[in-house]
1. When you go through Gly177, Gly134, Gly148 one by one, which is the residue that is farther than 18 Å from Pro279 by Cα, touching a strand residue (DSSP E or B) at 6+ places or on another chain (Cβ under 9 Å) and of a type outside the set (D, E, K, R)?
2. If the requirement is being over 27 Å from Asp158 (Cα atoms), out of contact with any Cys (no Cβ under 6 Å at 6 or more places or on another chain), free of Cβ contacts under 8 Å to residues at least 40 places away in the same chain and not small (Gly, Ala, Ser), which of these qualifies: Phe52, Phe36, Phe61?
3. Kindly indicate whether any position in region 108-126 is outside any loop (DSSP other than H, G, I, E, B), more than 14 Å from the ligand (Cβ to nearest atom) and crowded, with 19+ Cβ neighbours inside 10 Å.
4. Scan region 176-199 residue by residue and report those that are within 15 Å of the ligand (Cβ to nearest atom), at pLDDT 95 or above and among the β-branched types (Val, Ile, Thr).
5. Which residue is farthest from Met1 (Cα to Cα), if the candidates are limited to region 51-74 and must be within 11 Å of the ligand (Cβ to nearest atom) and open to solvent by less than 30 Å² (accessible area, probe 1.4 Å)?
6. Hey, among the residues in region 254-313 that are polar (S, T, N, Q), touching a residue at least 60 places away in the same chain (Cβ under 8 Å) and part of a loop (DSSP other than H, G, I, E, B), which one's farthest from Gly185 (Cα to Cα)?
7. Out of (1) over 30 Å from Lys285 (Cα atoms); (2) open to solvent by 10 Å² or more (accessible area, probe 1.4 Å); (3) within 16 Å of the ligand (Cβ to nearest atom), what's the single condition that is false for Asn206?
8. Residues in region 7-29 that are of a type outside the set (Phe, Trp, Tyr) and under 13 Å from Ala114 (Cβ atoms): how many?
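The values are calculated or read from the model by the stated rules, or taken from the named source; none is laboratory data. Just so it is clear, the model here is predicted, and its values are computed rather than measured. Cβ coordinates were reconstructed from backbone atoms using ideal geometry, including for glycine residues, and neighbour counts include every protein chain displayed. Surface accessibility is based on the protein's heavy atoms, side chains included, excluding ligands, DNA and RNA. Shrake-Rupley method; radii C 1.70, N 1.55, O 1.52, S 1.80 Å.
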Amino acid sequence: MTQAVLVTGGAGFLGSHLCDRLINDGHNILCLDNFFTGSKQNIEHLIGNPCFELLRHDVTFPLYVEIDQIYNLACPASPIHYQHDPVQTTKTSVHGAINMLGLAKRTKARIFQASTSEVYGDPEEHPQPESYWGKVNPIGPRSCYDEGKRCAETLFFDYHRQHDLDIKVVRIFNTYGPRMHPNDGRVVSNFIVQALRSEDITMYGNGQQTRSFCYVDDLIEGFVRMMGTEKGITGPINLGNPGEFTMLELAEKIIKLTGSKSKLIFHPLPPDDPKQRQPNISLAKNHLGWEPKVNLEDGLKETISYFKKLLNV
Ligand SMILES: NC(=O)c1ccc[n+]([C@@H]2O[C@H](COP(=O)([O-])OP(=O)(O)OC[C@H]3O[C@@H](n4cnc5c(N)ncnc54)[C@H](O)[C@@H]3O)[C@@H](O)[C@H]2O)c1
């Protein structure tokens, strides 16, 4: 059935892919963004589509629209961007959640929260199941994001318990793909851009720290499946790719796929940088029948070809 769907942060990396997918599925989309990190280029192909409407708005202010479903993605996601104005980052997560939950309460809309693996902090359990409460520094430079997202989860579950809201919370692990921001300091885009420009590749620490990387199409499939679950399924549910790679392995793959002559240079690890991050996705498998399908090499090829066009190289 066609739904009126609000996507906050809809002009961002993940939000724009979600808008594409929901339009393909036959829904009417209200894409909301303040364009802090998102861009009109990400959604320009949708402008003029009668099922797509774009609204410049900041989620820290209340919104009055009629809507069936809300995907709440608005929030800068990379350290460079979320540390630029940390107070605004916390406001976006916390006031944004309050405003969107208030809207869901009034309209009886189902509401989805894009939470993050950062709620686990620098984890002592590996891989991380949803039952793990995390190890997060409340006062460090990453806290505006990590604690903002944790508080947003708290609000979602309190609205669920107190007002019977139909909530869906997913914890997203590192995701990559076309439309990532070229200079947001995230490792995949950093390495690709440096490799394509034949610049030195910046490695933090000794490169042995690991991350898992999920291709964007896989993640969006997980979003849609989660939104389609019956009312009792609230999450939080981890969505990510359990395949684990060291930063050195990632850099080597990117150098090979781009045919770059770039060399690695090593810098100290930034504070609070987690050494390991890998999702346990058993819940997603059981409740959503979901697991990632795109392997790292295929996903990197798509991402590299996007950046080649963007950078004109
Ligand atoms: N990409 C990942 O690997 C990843 C991992 C974990 C969680 N997430 C979460 O997914 C969501 C989307 O992330 P992304 O990677 O697409 O990042 P992004 O920066 O590309 O997208 C965020 C979007 O939100 C918009 N925005 C920011 N503050 C806003 C505000 N106050 N009001 C309205 N719009 C605002 C930005 O302009 C941007 O379009 C975020 O909530 C992020 O925390 C992403």
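1. Gly177
2. Residue meeting the stated conditions: Phe52.
3. yes
4. The answer is Val188, Ile192.
5. The qualifying residue farthest from Met1 (Cα to Cα) is Thr60.
6. Among them, the one singled out is Asn280.
7. (3)
8. Number satisfying all stated conditions: 9.
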